[in-house]
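Q: My structure is below; once you've seen it, I'll send some questions.
The values are calculated or read from the model by the stated rules, or taken from the named source; none is laboratory data. Predicted, not measured: the structure shown is a model, and the values here were computed from it. Cβ sites come from the backbone with ideal geometry, for glycine too, and all protein chains shown count toward neighbours.
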Amino acid sequence: MAYDELVFTRRIPVRHEVDVFVAGGGPAGIAAAIAAARQGRTVFLAEGHTCFGGMGTAGLVPAFMQFGDGVHFLAAGIGREVYDRLWDLGGTGPDDRRDNPRASLSIDAEVLKRLYDEMVVEAGVRFTFQTQCIAVEMGAPGRVDHAICQAKSGLFAVKARVFVDCTGDGDLAVWAGAPYEKGDAEGNLMPGTLCSLWAEVDWDTVRASGLDPRQRILDAFKDKVFTYEDRHLPGMWRVGPRLAGGNIGHTFGVDSTDERSVTEALLWGRRQLLEYERFYKEYLKGFERMELVATGSLLGIRESRRILGDYVLNLEDFKKRAVFEDEIGRYSYPVDIHASRPGEKEYAQFEEEFRTLRYGKGESYGIPYRTLTPRGLQNLLVAGRCISTDRYLHGSVRVMPGCFITGQAAGIAAALAVERETDTRGFPIALLQDRLKAMGAHLPNA
């Protein structure tokens, strides 16, 4: 479809001049902003939503995936602080164990929101919510001069010396000209999920019943309960004495870089929860009185752009438990690529990969700094799910503890570039690693 074009020009204020600008306040963004501020740098963080945390708060994703490998606490440093403080504040689930960071950790979203608020404020980071980054202005080739933001007060610019893209979709990097990949070879993307919160679940009865939702859903398919025969059911997490966090249902075909696609996915996500409510109430025990409390105000997105950096972390690195000279962390979550469409064959492929592409106790792969440095850009870093990986490694490192690891590394690297008056490749990697270790990062090979 062809569109008319309009030349749009405005004079806008440069509202902030800082050392480091961070776009996006999810787990990668808050880690980057806090890390840079703790290095003595001035930081402005633009968060588009009403709270920090992204998927784990506004998105109502009910649990963190593993922080450790069963021997080592891998998301150490800022990730460890989040883990410990969330426990201290009572923001975990009744069935969680503090001494088992290899397991998933349930989330009380309201507690996590307040924790992130406290950590960012304590670090002295400047920030505003409901502030969208909508463009960048380039200076010399490969250098970003300003980020353009939109908020209730209007358009404004932020001038910075280094920019950290924690948008999840790699927006700033792409606007600045970085190359990227997206989805599989045919462009298919993992589906999203509109997560949800449910009350009045009798967890004692759920456990006593012994019923497996993955088996019972096959009966529901025969009874035509669902529009799509989606066999992948991540399920319900116990996030309170009678509360459940639902990671249920998929929004197939969603592209988070297109607001029209996200709009359709949100509409379908809310509608399909009626089907899942019927399933849980009629085919399982302990859910008969369940009530929907809320759906996420953000759609849970698993995949969009992967920015191409100086190194592309790949499946062979996962298989050989790779070690890198420029490691900024290590991680161990399995390869978790949700099928792009419903169907028995597609789900079987997911199951095979998720079963075989995983580690034993104490095993992990390295994450090189070069995955954070987009090709062709001198003063912009990426962190979070859009770092430079192939699709397999994206399926592992995309989860929240992995984002803490890459976020804090990007924040310290940005601070070092400012401190040394150089670009993002102009300082010794050993210095970055030393600063990371001083913050508590797990770097056994540095």
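Q: Looking only at the range 297-353, how many residues end up being closer than 18 Å to R370 by Cβ, among the hydrophobic types (A, V, I, L, M, F, W, C) and surrounded by fewer than 22 Cβ atoms within 10 Å (Cβ to Cβ)?
A: Total meeting the criteria: 6.
Q: From the list P94, P62, pick out the single residue that is under 24 Å from A244 (Cβ atoms), in contact (Cβ under 8 Å) with a residue 24 or more places away in the chain and more than 18 Å from the chain's Cα centre (by Cα).
A: Of P94, P62, the one residue that is under 24 Å from A244 (Cβ atoms), in contact (Cβ under 8 Å) with a residue 24 or more places away in the chain and more than 18 Å from the chain's Cα centre (by Cα) is P94.
Q: Would you call V206 part of a helix (DSSP H, G or I) and β-branched (V, I, T)?
A: yes
Q: Looking at the range 406-437, which of its residues are within 19 Å of E17 (Cα to Cα), out of contact with any helix residue (DSSP H, G or I) (no Cβ under 9 Å at 6 or more places or on another chain) and exposed (fewer than 14 other Cβ atoms within 10 Å of the Cβ)?
A: The one that is within 19 Å of E17 (Cα to Cα), out of contact with any helix residue (DSSP H, G or I) (no Cβ under 9 Å at 6 or more places or on another chain) and exposed (fewer than 14 other Cβ atoms within 10 Å of the Cβ): E421.
Q: Restricting to the range 1-53, give me the number of residues that are in a loop (DSSP other than H, G, I, E, B) and surrounded by 24 or more Cβ atoms within 10 Å (Cβ to Cβ).
A: Result for the range 1-53: 7.
Q: Which of the residues spanning the range 397-434 are in contact with a Leu (Cβ under 8 Å, 6 or more places away or on another chain), part of a helix (DSSP H, G or I) and either farther than 17 Å from V382 by Cβ or among the charged types (D, E, K, R) (or both)?
A: The answer is P401, L431, Q433.
Q: Which of the residues that make up the range 274-294 are surrounded by 20 or more Cβ atoms within 10 Å (Cβ to Cβ) and either acidic (D, E) or in a helix (DSSP H, G or I) (or both)?
A: Those that are surrounded by 20 or more Cβ atoms within 10 Å (Cβ to Cβ) and either acidic (D, E) or in a helix (DSSP H, G or I) (or both): Y276, F279, Y280.
Q: Turning to a different aspect of this structure: Looking at A140, A147, can you tell me which residue is in a strand (DSSP E or B), of a type outside the set (S, T, Y) and in the same structural domain as T389 (by TED's automatic domain parsing)?
A: Step by step, each of A140, A147 is checked, and only A147 is in a strand (DSSP E or B), of a type outside the set (S, T, Y) and in the same structural domain as T389 (by TED's automatic domain parsing).
Q: Let me ask another. For the range 59-82, which positions are buried (at least 21 other Cβ atoms within 10 Å of the Cβ), farther than 22 Å from L298 by Cβ and not charged (D, E, K, R)?
A: Q66, F67, G68, L74, A76, G77
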